[in-house]
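To start, the structure under review is shown below, and the notes come after it.
Derivation of every value follows stated rules applied to the coordinates shown; laboratory data play no part. Since this is a predicted model, take the numbers as computed values, not measurements. Note that each Cβ is placed from the backbone with ideal geometry, even for glycine, and that neighbours are counted across all protein chains shown.
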Amino acid sequence: MADPLLIYAELTQGAAGRTLKRSALEAATVARRLADAAGARVVALLPAPCPEGEAALFEHGVDEVRVAPASPAGRYLLEHEAPLLAAQVEALGPALVLVAASPAGKELSATLAGHTGRGLVADAVDLAPAPGGYEATKPVLAGKAVATVRVGAPAVVSLRPNAVPPAPAPRAPARAEVARPPAGDRVRLREVVPAAEKRRELTEADVIVSGGRGLGGPEHWGLILDLAQALGAAHGASRAVVDAGWRPHAEQVGQTGKTVSPKLYVACGISGAIQHLAGMSSSKVVVAVNKDPEAPIFRVADFGVVGDVHQVLPLFAQVAREFLGPA
Amino acid sequence: MTTPPLKTLVCLKRVVDTETRVRVAPDGREIDLAGVQFIIAPYDEMAVERALQLREAAGDGRVTVLTVGPEAATKELRSALAMGADDALHLVCDGRLDAAQTAALIAEAVRDRDLDLVLCGKQATDDDDAAVGPLLAAHLGWPCVAFAHALDVEGRTAVVRRELDGESEVLEVALPAVVTAQKGLAEPRYPGLKGIMAAKKKPLESRRAEPPAARTERVALALPPARGALRTVEPTAEGLRGLLTALRDEKKVL
Ligand SMILES: Cc1cc2nc3c(=O)[nH]c(=O)nc-3n(C[C@H](O)[C@H](O)[C@H](O)COP(=O)(O)OP(=O)(O)OC[C@H]3O[C@@H](n4cnc5c(N)ncnc54)[C@H](O)[C@@H]3O)c2cc1C
Ligand SMILES: Nc1ncnc2c1ncn2[C@@H]1O[C@H](COP(=O)(O)O)[C@@H](O)[C@H]1O
């Protein structure tokens with residue numbers, strides 16, 4: 001039988017409680033497809049108990065879930081997760097280790113590649129079998145180009161969240177409990193500061209409503225929050241807005257902020273500077289609301305609303321609530 | 001608490017200017033470099049700045065900058081020296097290297113140096129891997145914290161802030177360690193004329209480096225698929241309802 005494929009199933013942590021990230025199901029979907037082509041099994045490592053997460057993994061093509069006890073820190077810490085993942089890699093000898101290209105996942109996958117000498121492709125948006133290994137596509141130059149990269153097996157690949165839709169492929173559950181190897185203590189958690197308001201993680205959101213300087217001031221941000229609520233969206237901001245102190249940096253989309261690839265990105269009062277586009281141009285569909293018909297954002301938008309955000313956004317939110325029902 | 005004097009290494013990469021209009025070279029794998037400007041990767045510049053600030057806070061210490069890259073990358077090292085770094089190490093290597101090759105070369109070159117801290121950018125803005133920092137830490141056997149938006153040093157401990165899943169965590173990391181710079185870490189200074197003059201006399205060691213075999217190969221580079229034509233939506237209830245219908249039923253994104 002071919003070497004198995006291993007996914008690291010990332011969990012959310014902290015105040016939000018422990019739930020399986022959708023990116024884990026995306027990884028499971030990609031792994032299932034590759035495993036079917038190779039006649040291999042898909043094994044998922046769950047870094048803490050999460051019964052609903054386990055069930056979802058079995059629904060999405062995972063043959064076996066290996067569950068570890070929660071880390072002593074109670075949340076992701078590279079010092080704890082890297083030895084845990086390395087021990088399972090050692091035990092299973094997988095042809096491929098697939099991790100989400102979240103901040104934690106990028107750090108973890110690169111560390112694993114460093115420790116094992118496996119080839120690494122970071123931030124892939126697609127993955128296919130190739131002679132002796134895999135062929136990945138990944139955005140480079142802030143999404144201004146797409147590279148095709150071959151990597152020999154055994155490999156480590158991080159997969160950009162939202163790039164591949166999870167596909168159901170139910171499997172008979174097989175579950176094992178695994179131990180946590182002793183972890184280093186060189187990194188310790190001093191403090192966790194929860195976000196001021198409950199925020200949906202931008203990089204994993206399906207729909208994002210972002211605002212720019214065109215909103216006119218922080219006192220008008222309610223327009224963005226309200227539209228986001230009506231669309232069930234996360235909310236982001238341009239750098240101009242963050243630099244002006246209207247919004248926290250964690251919400252910034254762009255070259256020096258977050259790279260997002262939602263299904264739908266709604267840019268409101270954002271001009272569409274190249275550095276902003278760098279963070280959102282891989283969105284599936286872009287809607288722009290801007291009073292200037294010449295604004296560069298319209299060049300990357302699929303739908304354009306020329307108008308004043310102060311009139312358009314409340315109307316948009318109202319129509320969306322009627323159309324979609326209360327979010 | 002006072003900042004102790006540190007021996008810091010900052011890894012920086014020569015990358016194409018982020019404003020560059022990308023064209024694919026005739027080989028179909030790399031970008032066409034004709035007329036392209038190069039810069040220090042933006043996050044690496046932030047890392048240099050924070051290293052300099054820590055040295056200034058301590059009133060002592062040493063900031064070494066390192067790059068792996070072609071002869072021409074001397075220019076970026078000189079820019080970092082002009083910002084205020086003390087000395088530079090250039091591992092001269094032509095052609096494409098992947099993150100693992102780069103990290104292996106850096107690890108080999110610095111393993112025997114007496115260092116307290118290695119800073120990298122969170123990612124080089126060409127291949128966007130965000131991998132060299134953690135790879136390097138793995139090679140050196142040091143702890144690593146990626147995506148730091150604040151970094152201070154207290155005694156033998158680095159205190160690092162970063163954001164994970166929308167929460168901000170404060171981590172204490174035993175030195176020596178590798179930390180990668182996220183936006184917010186520091187705003188890079190512009191080198192003054194004095195800095196530029198001084199940089200010419202600062203030590204810059206340059207030596208050829210032989211990378212280990214690559215485990216990855218870039219086989220193609222393409223421009224992203226163009227978007228379809230823009231559809232205009234009237235800013236009325238009717239227009240917006242039409243938009244929502246198209247988003248849900250045609251594009252299937254709602
Ligand atoms: C190194 C570097 C890195 C950068 N990184 C980023 C980054 O990560 N993210 C980022 O976003 N930017 C980044 N920038 C900044 C970028 O260049 C732009 O300055 C910024 O994106 C502009 O923000 P904006 O679109 O909100 O503001 P503006 O450019 O001021 O645009 C405001 C827009 O709102 C429209 N408008 C005004 N009033 C209204 C109204 N009442 N109704 C409707 N529309 C209205 C205007 O027509 C205009 O198009 C970076 C710049 C540099 C140099
Ligand atoms: N060729 C290089 N020379 C020196 N440092 C590098 C090089 N490539 C990457 N780095 C460092 O590693 C960081 C992450 O790069 P990457 O993994 O390529 O995204 C960069 O921000 C640099 O600090």
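Summarising the label geometry, the points placed 7 Å from Cα in the beta-carbon direction at A:ASP3 and A:GLN311 lie 6.3 nm from one another. Every Cα-Cα pair in the protein assembly as shown was counted, and those over 38 Å apart are 30% of them. With one equal scatterer per alpha carbon and no solvent term, the Debye-computed log10 I(q)/I(0) for chain B at 0.08, 0.11, 0.13 1/Å reads -0.39, -0.66, -0.84.
Global size of region B:116-254: 23.6, 69 Å for Rg and Dmax (C-alpha atoms, Rg to one decimal, Dmax whole). Here the convex hull built on the C-alpha positions of chain A has a volume of 141 cubic angstrom per residue. Calculated translational diffusion coefficient of region A:273-317 (10 °C, 1.306 mPa s; Stokes-Einstein with Kirkwood radius over alpha-carbon pairs) equals 143 µm²/s. The mean of 1/r over all pairs of different alpha-carbon atoms in region A:168-276, once inverted, gives a Kirkwood hydrodynamic radius of 16.3 Å.
The Stokes-Einstein estimate for region B:195-254, based on a Kirkwood radius over Cα pairs and taken at 25 °C with 0.890 mPa s viscosity, is a diffusion coefficient of 132 µm²/s.
So, in Å, what gap is there between the alpha-carbon centers of region A:73-90 and region B:55-131? Here the two parts' Cα centres lie 28 Å apart. Expressed as a fraction of 2.2 N^0.38 Å, the C-alpha radius of gyration for region A:119-226 is 1.58.
The lysines within cross-link reach of A:LYS258, meaning a Cα-to-Cα straight distance under 21 Å and a gap of 8 or more places when in the same chain, are A:LYS21, A:LYS106, A:LYS138, A:LYS144, A:LYS198, A:LYS284, B:LYS13, B:LYS122, B:LYS183. For region A:1-43 versus region A:207-232, the inter-centroid distance based on Cα atoms is 34 Å. Taking 7 Å steps out from each Cα toward its Cβ at A:LEU225 and B:ASP249 produces label points 3.4 nm apart. Around the Cα centre of region B:6-208, unit charges on the Cβ atoms of Lys, Arg, Asp and Glu (plus for the first two, minus for the last two) sum to a dipole of about 760 debye. The mean sequence separation of alpha-carbon pairs under 8 Å and at least six residues apart, normalised by the residue count of region A:1-130, gives a relative contact order of 28 percent. Taking the Cα centre of region A:10-167 as reference, the dipole from Cβ charges on Lys and Arg (+1) and Asp and Glu (-1) amounts to some 340 debye. Among A:HIS249, B:HIS139, a tally of other beta-carbon atoms within 10 Å of each Cβ gives an order, fewest to most, of A:HIS249, B:HIS139. Of the three principal axes defined by the Cα atoms of region B:1-58, the extents in descending order read 55, 18, 14 Å. Relative to the globular-protein estimate of 2.2 N^0.38 Å, the Cα radius of gyration of region A:19-167 stands at 0.98.
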